[in-house]
Structures are given as structure tokens and as C-alpha cells.
Amino acid sequence: MKTSRTFKMLFWQVIAKKKGTNAPIYARVTVNGKRAEISLDRSFSISLWDSKMSRAVGRSIEARELNYFLDNVKVEIAASHESLLKEGKYVTAQAVKARYLGTDNQDATLVDIIKYHEEKMQGTLEQGTLKNYGTTEKYLLSFLSKKLRTTNIYLKQLNYSFIVDFESFLNKKEHRLSKQSLTNNGIMKHLERLNKLMNLAVKLEWLEKNPFINFSLKFEKFDRPYLTSNELRRFEEVVLKRYSHQKARDLFIFACYTGLSYIDVKNLTRSNLVYGMDGKQWLSLYREKSKQPVKLPLLAKAVVILAKYDNKQDISDRLLPMYSNQKVNKYVKEIAAILGIRKNLSYHVARHTFATTVTLSNGVPIETVSKLLGHKKLSTTQIYARVVEDKLSNDMANLENKLGEVERNAS
């Protein structure tokens, strides 16, 4: 049986949260030196509280009722600690707190954690992300129904075998939910979401350990499409007859020189257009996806596009007149066909082009590019980072010159 070396409990007033002459009462549970605090939803007079005895002073009805309440809480918390020990659980202060509050949910199921995540993440995650979790849920329910012949399963029943069997299930064509088959990375994304749900269950102490602990997600690396400098120039210079193509081209090129995603460009208003310390135009915004702040000095070609559509906006005050993302992607593909560019282009390719061709290939440090793209982690930017052949050739030529100069000086 797993036991704890120390278990302590005390009641105290949080003076920092006082209201008038009263302050709230908290219970503090300590197990092996680690604490957890529990709000008891009770307040009491600061002057009538004995901090050493952790009790109310006096014989008033309020004092006696509070002390009686605290005695009961003490018994219940101690019982929670004892029940965890009897069950052979790994006892922590947080585990005792969860058991006392009834949030440890010993009989929690897979559906329970899915629904909990869905409810708690509303308004926090983007709708697209929530939709992806919804698709993963459909695959999980289909797996439970077709392979396990059930509609639900206890979290404590999930193990390594469950994950391997679910991966195998996702690989079968007959189990797909749409006409499009799942790629390896698509399968890994479903498993990644399940892994996040399991991590949440562990944090809630609904699950003792994550069944993914010995499972490795195997994502396949692939080249993200982008326009080379030559293709970008052709995209800019081609004479287009249709206005829809001209407008879509402008929107695409604007993203190539700003690195902004479709939704971020769509949300741009005049309030996002500011002047920097250099006296030039900048964009100041928060990325819709990551909520990260972005301060972006505008390159000349982006400024030209903004000027082209100035004073042509409706009352929404948006900086650029946007088509839907689907239409922009359609028109961009048509322009690529006109130019004979055999790449699967979309609006997001412009973001890759900014990261690769416009910035990194021209010597902009990856740390700067990461800030311009609004990434939380540098590792995210490294996915975009690639060394194009021209840059590689130039760098090696410069190295050759330096090595030759060193040899000449030595002789």
C-alpha cells in the first residue's frame, strides 16, 4: 500500500481577501510538505479569530456554529485522506482536496472527460479546434461501438493496448467518417487529442497515470509548399484579366509580405494600422489563433496594396476587402495554373512564403521571424524554416571565400 509520510491540516483566515471586518476561512492540507488550499465559503470577524488555535473565539452563536462546522470539515478531510490510503492511491494534498470536494471522480468514463473538456474549453479554444475534437470523439465512439461492443468505458480501464487498437482502427478504410482517407499525420492528430484528454484526466485526478506514457506519436515530416522568389515575382507581375483574380492576388501577396493568416488579415481594421518609432507604418494586432501580440513593420509592397484599397471600404472599416477563404484559395489555384506553377497553393502558402522566401532566405534571424509570425515557441517557427538552394549556395560561397582568405593570409 502506498502511504504518506506526513499529513497535516489547519484552518486560517486570508486577510488579503478581507471585506470590511471579516475575512474568508480556508482549510490548508499538507501532505509530505506539499500544500493544497480549500475555500470553505465562510467568513468571520478578524478580531474574533484565534490564528494559533485555528478557531473562532467567544461563545456567540456565530462562533459556536463556525467551530462546529470546522470540526465536521476536519473529520471529513481526515476521512478523505484515510480513504485514499485504504484504496492504495498515491496520496497528495491535491488528491485529498479532490476527494473531499468530490471532484476526483473515481468512476469517471471516457465520455465524461470528453464532455468535461468540451464544456470547459468553450470560449477558450477556437471553433475549428473544438470541431476537430468533435471528430476525434466520433471516431472514439465508433471504435467503442464497433470493436468493443459498448458505448462507454471507465478511464481506469484505458491502457496501452487501447491506444494501439484505436490506432489500428483509424488505419482501416472502412472505419473512416468521410470519403477522404486518414493520412498517418491525421491519425496522429486524433491520438494527440486523446493524449491531451488523458493528461487532463490525470490533472483532475480522475486517472492515476496517462496510458500514453509509453506510446510515441509518429508524425511524418513533409515539405510545406511555398513560392520561390522567382515564382513570387511572377505572381506579382502577371497581367490578370479578371478582377476576382486581381483582388485575390493582392490579398495573397499582402500575406506573402506580412506573414498573416487569412483570419488575421480579414480582421484588420484601421485601428490596427499604427506608426512605429521609425515613423513608418506598422500593424499592431493579436493573432486570432494563438492570441499572441504581433507588431509588424510593413514592407513597401504591403503598403502599396493597402493604399490601393484605401477609401474603398464599407462601414466595417476593414483595411482590405476580403473574399471568403474558399474563394481566395480557388482563385489562387487558378492563377497558379495560368502561371504553370504546379504546387497546391492556398492562402496559407503565403504565410510559408513569408517565413521562407521573404524573411529567412534574406538573412532575417529566426528569432525575429518567430516574433513576426506571432509564434509562442521558437520550435514552431523552425517547422517553417528551410534553406532554399540559392541561400545555401550563397552561404557556402561566402564560407569558401573566407576559408581561402585565411589560407592566403597564412601563406
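The values are calculated or read from the model by the stated rules, or taken from the named source; none is laboratory data. Fair warning: this is a prediction, and the values are worked out from it, not measured in the lab. Cβ atoms come from the backbone with ideal geometry, glycine included; neighbour counts cover every protein chain shown. The area values use the complete protein model at the heavy-atom level, side chains included, leaving out ligands, DNA and RNA. Shrake-Rupley method; radii C 1.70, N 1.55, O 1.52, S 1.80 Å.
Quick check, is Ala98 assigned to a helix (DSSP H, G or I) and either open to solvent by 70 Å² or more (accessible area, probe 1.4 Å) or closer than 30 Å to Arg193 by Cβ (or both)? Considered against the rule, which asks whether it is assigned to a helix (DSSP H, G or I) and either open to solvent by 70 Å² or more (accessible area, probe 1.4 Å) or closer than 30 Å to Arg193 by Cβ (or both), Ala98 comes out as yes. On the stretch given as segment 275-294, residues that are without any contact (Cβ under 8 Å) to a residue 40 or more places away in the chain and either small (Gly, Ala, Ser) or out of contact with any Pro (no Cβ under 9 Å at 6 or more places or on another chain) (or both) total 6.
The rows are residues; the columns are (1) open to solvent by less than 50 Å² (accessible area, probe 1.4 Å); (2) in contact (Cβ under 8 Å) with a residue 12 or more places away in the chain; (3) assigned to a loop (DSSP other than H, G, I, E, B); (4) not β-branched (Val, Ile, Thr).
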{"residue": "Ile163", "(1), (2), (3), (4)": "yes, yes, no, no"}
{"residue": "Leu194", "(1), (2), (3), (4)": "yes, yes, no, yes"}
{"residue": "Val202", "(1), (2), (3), (4)": "yes, no, no, no"}
{"residue": "Leu207", "(1), (2), (3), (4)": "yes, yes, yes, yes"}
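For the residues Ser47, Ser43, the requirement of being open to solvent by 50 Å² or more (accessible area, probe 1.4 Å), touching a strand residue (DSSP E or B) at 6+ places or on another chain (Cβ under 6 Å) and either in a loop (DSSP other than H, G, I, E, B) or of a type in the set (Gly, Ala, Ser) (or both) singles out Ser43. Selection of segment 369-384 for residues being within 15 Å of Arg224 (Cα to Cα) and either hydroxyl-bearing (Ser, Thr, Tyr) or assigned to a loop (DSSP other than H, G, I, E, B) (or both) yields Thr380, Thr381, Tyr384. Does Ala36 fit the bill of being more than 38 Å from the chain's Cα centre (by Cα), surrounded by 15 or more Cβ atoms within 10 Å (Cβ to Cβ) and of a type in the set (A, V, I, L, M, F, W, C)? For Ala36, the condition - more than 38 Å from the chain's Cα centre (by Cα), surrounded by 15 or more Cβ atoms within 10 Å (Cβ to Cβ) and of a type in the set (A, V, I, L, M, F, W, C) - is not met. Considering every residue within segment 242-264, establish whether at least one is open to solvent by 20 Å² or more (accessible area, probe 1.4 Å), part of a strand (DSSP E or B) and closer than 30 Å to Thr129 by Cα. Within segment 242-264 (the criterion being open to solvent by 20 Å² or more (accessible area, probe 1.4 Å), part of a strand (DSSP E or B) and closer than 30 Å to Thr129 by Cα), the answer is no, since none of the residues qualifies.
Just one residue in the set Thr109, Thr30 is touching a strand residue (DSSP E or B) at 6+ places or on another chain (Cβ under 6 Å), within 18 Å of Leu200 (Cα to Cα) and surrounded by 12 or more Cβ atoms within 10 Å (Cβ to Cβ); that residue is Thr109. Condition check for Val91 on (1) free of Cβ contacts under 8 Å to residues at least 60 places away in the same chain; (2) surrounded by 18 or more Cβ atoms within 10 Å (Cβ to Cβ): one failure, at (1).
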